[in-house]
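Below is one structure, written out as structure tokens; comments come after it.
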Amino acid sequence: MMIVMKEEATPEQIASVVKRVESVGAHAHVSEGDVLTVIGAIGDRERIANLDLDGTAGVDRVVPITKPYKLASSQIRHGEPTIVEVDGRKVGGGHFSLMAGPCTVESRHQLLSTAEAVKAGGGSMLRGGAYKPRTSPYSFQGLGDEGLRLLKEAKEETGLPIVTELMDTRDLDQVLEVADVIQVGARNMQNYSLLAEIGRSGRAVLLKRGLSATLEELLMAAEYILKEGNEKVMLCERGIRTFETATRFTLDIMAVPVLKQLSHLPVVVDPSHAAGRRDLVLPLSLAAAAAGADGIIVEVHHDPDAAICDGPQAVPADDFAHYVEQVQRVAAVVGNELSAL
């Protein structure tokens, strides 16, 4: 349930309600807004219902949360969107972020030249894979620790925050030394032990929707991270598997407004993996911005034709600034401002 405190509620009254929630073995999630404080009571439904908090000092009203995802629900924030801040760049609540870079780190020259183009073009963050999940076990799996070292160097050179994927809890410490945002790939969306570990790390997370996952399943996956106390979660629509074969996946544009109705979490779109084709990346990016997405994660490469991984869907680094200009223009129409330093 959601306990909405009165505007004039004192810290002592808020602490008293939290203590009562915890007394029945539930978790109290305190969210302080500009005006109101909301306390989410997460736990056994029957025990929470028996708390009978109506009329308690400082309590304005008690609202049941009907969704199975409690902390990810828009109800818990009383309609106020979450803004995730990453090294000065904001995502959500009118702040639009462009995360850009190569699918995978291939070499020092490839990464640094692309990173410079991303910075010069107005990108908010640098994405790049050190560990890569591939459909075939014989495909390039990434440079691993060497890839992380190069990402760290790119951050030092450009000042861009790093977005990179974590696939295995055994690599968590190494990734945390470099990553400002941990990406959870579509194939790991329901790897619940991985999600819990990332939640405990406290690092910002980009959670990608699974290939055949419903929006409720995506939000339940986010719940695994949120329940560990990590509120810095961004949802990512990256295309789902349908009967259509003309493109790699089908980008679910409707997921953007629906997720923003169901949840307070920022919504990012990945047009590159959805399309699998460079000529579709810009139209899908514009559609995502027009639909109200809080950001885009897009693949950029200094020489796409020579890329080891996903070259056909990468935006050439020389074209990135023009790409940003067009996306930024559409984002501004719906009231979103590009977040970059």
Only one residue in Asp319, Asp303, Asp310, Asp270 is charged (D, E, K, R) and buried (at least 21 other Cβ atoms within 10 Å of the Cβ). Which one?
Asp270
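Tell me yes or no: at least one residue of the range 265-273 is farther than 17 Å from Thr104 by Cα and over 21 Å from the mean Cα position of the chain (by Cα).
Of the residues in the range 265-273, the ones farther than 17 Å from Thr104 by Cα are 265-269.
Adding the requirement that they be over 21 Å from the mean Cα position of the chain (by Cα) leaves none.
Looking for residues that are farther than 17 Å from Thr104 by Cα and over 21 Å from the mean Cα position of the chain (by Cα), one finds none in the range 265-273, hence no.
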Of all residues in the range 17-45 being of a type in the set (S, T, N, Q) and crowded, with 16+ Cβ neighbours inside 10 Å, the one that is nearest to Ser74 (Cα to Cα):
Ser31
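When you check Val91 against the structure, is it within 20 Å of the chain's Cα centre (by Cα), within 23 Å of Leu151 (Cα to Cα), not assigned by TED's automatic domain parsing to the domain that holds Glu8 and not in a strand (DSSP E or B), yes or no? I'd like the intermediate steps shown before the answer.
Values: within 20 Å of the chain's Cα centre (by Cα): yes; within 23 Å of Leu151 (Cα to Cα): yes; not assigned by TED's automatic domain parsing to the domain that holds Glu8: yes; not in a strand (DSSP E or B): no.
Spelling it out, it is not the case that Val91 is within 20 Å of the chain's Cα centre (by Cα), within 23 Å of Leu151 (Cα to Cα), not assigned by TED's automatic domain parsing to the domain that holds Glu8 and not in a strand (DSSP E or B).
Could you tell me whether any residue of the range 285-293 is within 23 Å of Gly199 (Cα to Cα) and surrounded by 24 or more Cβ atoms within 10 Å (Cβ to Cβ)?
No, every residue in the range 285-293 fails to be within 23 Å of Gly199 (Cα to Cα) and surrounded by 24 or more Cβ atoms within 10 Å (Cβ to Cβ).
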Just the residues that are assigned to a loop (DSSP other than H, G, I, E, B) and in contact (Cβ under 8 Å) with a residue 24 or more places away in the chain, please, taken from the range 232-251.
Lys232, Arg238, Gly239, Arg241, Thr247, Arg248, Phe249, Leu251
So which residues in the range 58-71 are at pLDDT 85 or above, surrounded by 12 or more Cβ atoms within 10 Å (Cβ to Cβ) and not β-branched (Val, Ile, Thr)?
Gly58, Asp60, Tyr69, Lys70, Leu71
Positions within the range 16-71 being under 21 Å from Leu262 (Cβ atoms) and assigned to a helix (DSSP H, G or I), in sequence order:
Arg45
Note: among Asp310, Asp303, Asp318, just one is at pLDDT 95 or above and either of a type in the set (D, E, K, R) or outside the structural domain of Leu126 (by TED's automatic domain parsing) (or both), namely Asp318
Given the structure, is Ser113 closer than 30 Å to Ala321 by Cα and without any contact (Cβ under 8 Å) to a residue 60 or more places away in the chain?
no
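The values are calculated or read from the model by the stated rules, or taken from the named source; none is laboratory data. The shown structure was predicted, so the numbers you read here are calculated from the model rather than taken from an experiment. Every residue, glycine among them, receives a Cβ derived from its backbone with ideal geometry; neighbour counts consider all protein chains shown.
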